[in-house]
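Just so it is clear, none of the values below were taken in a lab; they were calculated from the coordinates. What you see is a predicted model; the values in this text were computed from it and never measured. Cβ coordinates were reconstructed from backbone atoms using ideal geometry, including for glycine residues, and neighbour counts include every protein chain displayed.
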Amino acid sequence: MNDTRAGSRQGEVTELGRSVGALLDAVWGDATAAATGDLDAVRAVAVRHGWLELAEHDAVDFLLAAVARLGRRACPFAIAAAYVAARLLPGLAASIAAGEVRPLVVVGGADDVLLEGAGDATHVLEVGETEVGLRAVRGRRAAPGLAVPAWHRLTLGPAERHPLADGAAEEAVAVLRLALAVRCLEAAARAHELAVAHAGTRRQFGRPVGAFGAVQQRVASCHVEVAAARSLVGRAGRLLADGRPDGPYVAALAARLVRDGAAGVVAGAQHTLGAVGYFEEHEVPWLFRRVHADLTLLRSPGVDDASTDLGGGVVARLVDAGRPLPAFDLGPAAEALRREVRDLLARHARPVCAAHPTGHDAEGVRGEAAAAGLFALGWPDGLGGRAATAVEQAVVHEEMKYAGGPVDRAMSATMLIGHALLRHGTPAQQGAFLPLVREGRMAFCLGYSEPEAGSDLASLRTRAVRDGDDWVVDGQKAWTTRAHTATHVWLAVRTDPDAVPRHAGITVLLVAMDSPGITVRRHVALSGEISCTVFLDAVRVPDAARVGEVHGGWAVVTDALAAERVVMGGVVATLRRHLDELVALLRRPDSPPPDDVGRDRLARLAARLQAARALVLDATQAVSDGDARIAGPVAAVLGGDLAEELGRVALDLLGPGALLSAGAEGALDAGRFEAAHRLAPMYVIGGGTNDIQRGLVARGLGLPRE
Ligand SMILES: Cc1cc2nc3c(=O)[nH]c(=O)nc-3n(C[C@H](O)[C@H](O)[C@H](O)COP(=O)(O)OP(=O)(O)OC[C@H]3O[C@@H](n4cnc5c(N)ncnc54)[C@H](O)[C@@H]3O)c2cc1C
């Protein structure tokens, strides 16, 4: 589907969601209606407004928009079953649309199964691999419990068998899975939104409770789960609606993500709401019931992502069938660029060692990438760039990272200082440095952190005092990566010690590392990389090296940091490479197959990785839309957490060989797992810790500062 058509379709989907919401407000109410709500009235509205005819229009995206509204109101109206039944048995479509046939759908057999929304069901469809059985409901027994309205066990008549077309069962499972996931997710998301609002208004100890760090961290963690799941669920829905072959795979991943995250979101919301959210007058107890009932249904046979039949779940596809996580199609221009970068990398591929053929000749990659304008991709044509969109830039970043980052430093220069120089640099600075950035030769380091200024960057104390046309700089920078090989340091200094707020007294200087008065002490990180303490002792820096206004450095720094968050999110491509390598090892004939626990951990990991990939794209889009306030930190949090999780899972599944270094006898994958495991904590600490990123998310949600 082209962009314009996709855009207008999305508009219609949003509109349908709104109208479903408004009608439900009238006939059902909010989630507190779960106990007493009138499902007959909901059905009457559904019939009148054509919600039960969506299958005839292949409108799974419309279906999901409606399901989302039902989830937020804890309403179990079985609209997804109606959709799937009408798809599987088109002969029933008219009676379903009229509300005369009220079907439920079960994957496998329906005898003695607890069923949701069965209070007025007339039929059950039993979906098998090649046929569907249609059974009339003869009797029902309520099974009161956590689910409200109660589940039922049904007495069913004999099955009338109908053959299924190829792929029909797989599609049915995908839609059922995704619809359940959406309902569950949106119930949890509604609880989360109520908690955010409460945190902003409920006062304790003289402050809104949302000002407390513990509440902010919890709220932000919940938000990351919701944002990740929404992003992936949305993409799965669009793929299914477009009939794309990857749709069922992404739906399985999205369902798995919700399975892992939704309970934590609703629990987090309850904890933030305290007693007020524990009583039945409030929506959250009903949303809690909805979420947990749906989570149980998501684990039912056939729907469960651990299933291996009917197209299967996550690990059946990823490991058993050897299908890598599906790529998102980013449109013709971005995909052409992806091919261009892959071809370029292939031309410079060099074996790292006999066992590992996928290293690169970094200088070869740099030279060709520079000639192709890949380090200046987003710049205007006149500056040697290609005026590429943010999404196209993300594609190049992703491919380079997936290839192991042969030109990482050049890519960071583009992301971190190229952009800031374009915006804030003088013509002379642009003339001197942009060509270096464009050629991938800008050997810079980032001089922000200090011994006493880590997360609290605004408290930095390295002083710069004006002396004629120069600044005289004194102080110390800490953990400055690659300072020992840098020609320049992008230095944040304090030019106004009395500024209030403190960040209003900061200026950025781009300083030559060979300036007299600079000395460097190296430190080896757990990853093996070298970061340095940089001592600055009466270093004279010409004012011509100032980037941006005097005392105006914060704008320059935050511009660069916003890009850094996307760079940190870009870690996802590296992690995907590790996952692919892990899967390749697990698929080797001499590898013992992972047990159920291992498969479960892999499924969780794969789902989170795919979501992180979606979030990085969202964050990239948000940067180009000028708002990376929440999307960037959300991607960074998930990326950091995942890096550590992937390291642990790989070691657990692969055993001691994964702990051996490159060159050691028996080392798996040339020591890459061992190296990646050591690098992982950096993604949680460097570039703003995950706690700080969650703080940014909390403030982006409107919670007050601590
Ligand atoms: C490998 C590596 C490379 C690096 N490279 C560079 C570089 O090139 N240039 C550079 O300038 N810096 C670099 N850094 C430094 C990096 O930016 C800092 O480590 C980071 O900003 C965190 O600061 P800190 O380590 O001092 O931790 P601190 O700020 O001291 O934090 C300690 C703990 O307190 C928590 N915390 C602090 N404040 C809050 C708060 N408000 N709310 C909640 N929790 C909070 C943190 O999350 C953390 O858990 C690098 C770091 C690493 C690990």
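Observations on the model:
- Helix-only arithmetic for the chain: the sum of -39500 (n - 2.57) across DSSP H runs with n ≥ 4, divided by the residue total, places the mean residue ellipticity at 222 nm at -16000 deg cm²/dmol.
- Net charge, Phe62 excluded, C-beta distance under 14 Å - Lys, Arg +1, Asp, Glu -1: -2
- Scattering curve values for the range 229-269, log₁₀ I(q)/I(0), Debye with Cα scatterers, q = 0.23 Å⁻¹: -0.67
- Sparse packing (at most 13 other Cβ atoms within 10 Å of the Cβ) combined with a DSSP loop state is found for the following GluC sites (Glu not before Pro) in the range 598-666: Glu665.
- Virtual spin-label span in nm between Arg441 and Asp596, 7 Å along Cα→Cβ: 6.2
- Over the C-alpha atoms of the range 388-465, the Rg to Rh ratio, Rh being the Kirkwood estimate, stands at 1.05.
- Relative contact order, percent, the chain [alpha-carbon distance under 8 Å, six or more residues apart]: 10
- Quotient of C-alpha Rg and 2.2 N^0.38 Å, computed over the range 233-313: 1.33
- Net length gained if the chain between Thr519 and Ala197 were fully extended (0.36 nm per residue, minus Cα distance): 110.9 nm
- Over the range 444-568, the fraction of Cα-Cα pairs per 10 Å bin, rounded to whole percents and listed from the shortest bin up, is 14, 48, 32, 6, 0.
- Distance between the range 382-418 and the range 110-177 - C-alpha centres, whole angstrom: 51
- Here the residues Val539, Val258, ranked from fewest to most Cβ neighbours within 10 Å of their Cβ, fall in the order Val539, Val258.
- Crossing angle, helix 553-569 versus the chain [Cα axis fit, 0-90 degrees, rounded to tens]: 50
- Within the range 378-530, the proportion of C-alpha pairs whose separation exceeds 20 Å stands at 56%.
- Remark: the range 200-267 projects, on average over all directions, an area of 5.3 nm² (convex hull of Cα atoms).
- From phi via Karplus (6.51, -1.76, 1.60), per-residue ³J(HN,Hα) for the range 104-119 in Hz, x at Gly/Pro: 10, 10, 10, 8, x, x, 9, 5, 6, 9, 6, 10, 8, x, 9, x
- Applied to the range 194-209, the Karplus parametrisation 6.51 cos²θ - 1.76 cosθ + 1.60 on θ = phi - 60° returns per-residue 3J(HN,Hα) values of 5, 5, 4, 4, 4, 4, x, 10, 5, 9, 9, 6, x, 9, x, 4 Hz, with x for Gly and Pro.
- Over the range 74-228, the ratio between the Cα radius of gyration and 2.2 N^0.38 Å evaluates to 1.37.
- In the range 271-311, the inverse of the mean reciprocal separation of distinct Cα atoms equals 12.1 Å; this is its Kirkwood hydrodynamic radius.
- As a rough footprinting exposure proxy, the listed residues Tyr402, Tyr683, Tyr448 were ranked by other beta carbons within 10 Å of their own, and the order from fewest upward is Tyr402, Tyr683, Tyr448.
- Shape box of the range 340-455 [Cα atoms, principal axes, largest first, Å]: 47, 42, 25
- For the range 249-260, 3J(HN,Hα) computed residue by residue from phi via the Karplus equation (6.51, -1.76, 1.60; θ = phi - 60°) reads 5, 5, 5, 5, 5, 5, 5, 5, 4, 5, 4, 7 Hz, glycine and proline entered as x.
- Per residue Cα convex hull volume in Å³ - calculated over the range 278-431: 220
- For the pair the range 455-489 and the range 511-555, the centres of their Cα atoms are 4 angstrom apart.
- Using alpha-carbon coordinates, inclination of helix 571-586 to the longest axis of the chain, degrees: 60
- For the range 597-706, the Kirkwood estimate of hydrodynamic radius, built from reciprocal distances between every pair of different alpha carbons, is 15.4 Å.
- Within the range 433-471, backbone nitrogen closer than 15 Å to the virtual label 7 Å beyond the Cα of Ser527 toward Cβ: 445-446
- Inter-site label distance for Ala555 and Glu335 at 7 Å from Cα along Cβ, in nm: 4.1
- Percentage relative contact order, the range 481-560, counting C-alpha pairs under 8 Å, at least six apart: 35
- Going from the fewest other Cβ atoms within 10 Å to the most, the residues Lys401, Lys477 appear in the order Lys401, Lys477.
- In summary, the convex hull built on the alpha carbon positions of the chain has an orientation-averaged projected area of 32.5 nm².
- For GluC sites (Glu not before Pro), the sites in the range 258-345 that DSSP calls loop and that have at most 16 other Cβ atoms within 10 Å are Glu280, Glu281.
- Relative contact order (%) - criterion: Cα under 8 Å, at least six apart; region: the range 223-367: 14
- Neighbours of Ala372 by Cβ distance under 12 Å: Lys/Arg scored +1, Asp/Glu scored -1, total 0.
- Ratio of the Cα radius of gyration of the range 200-341 to 2.2 N^0.38 Å, where N counts its residues: 1.34
- On Cα atoms only, tilt of 690-700 relative to the major axis of the chain in degrees: 70
- All-pairs Cα distance distribution in the range 1-127, expressed in whole percent, bin size 5 Å: 2, 11, 21, 22, 20, 14, 7, 3, 1, 0
- Where labels lie 7 Å past Cα in the beta-carbon direction, separation of Arg207 and Glu281 in nm: 2.9
- Considered as an equivalent ellipsoid built on the Cα gyration tensor, the range 87-146 has semi-axes of 20, 16, 9 Å, the largest given first.
- The smallest convex shape that holds all Cα atoms of the range 487-537, its convex hull, gives 105 Å³ per residue.
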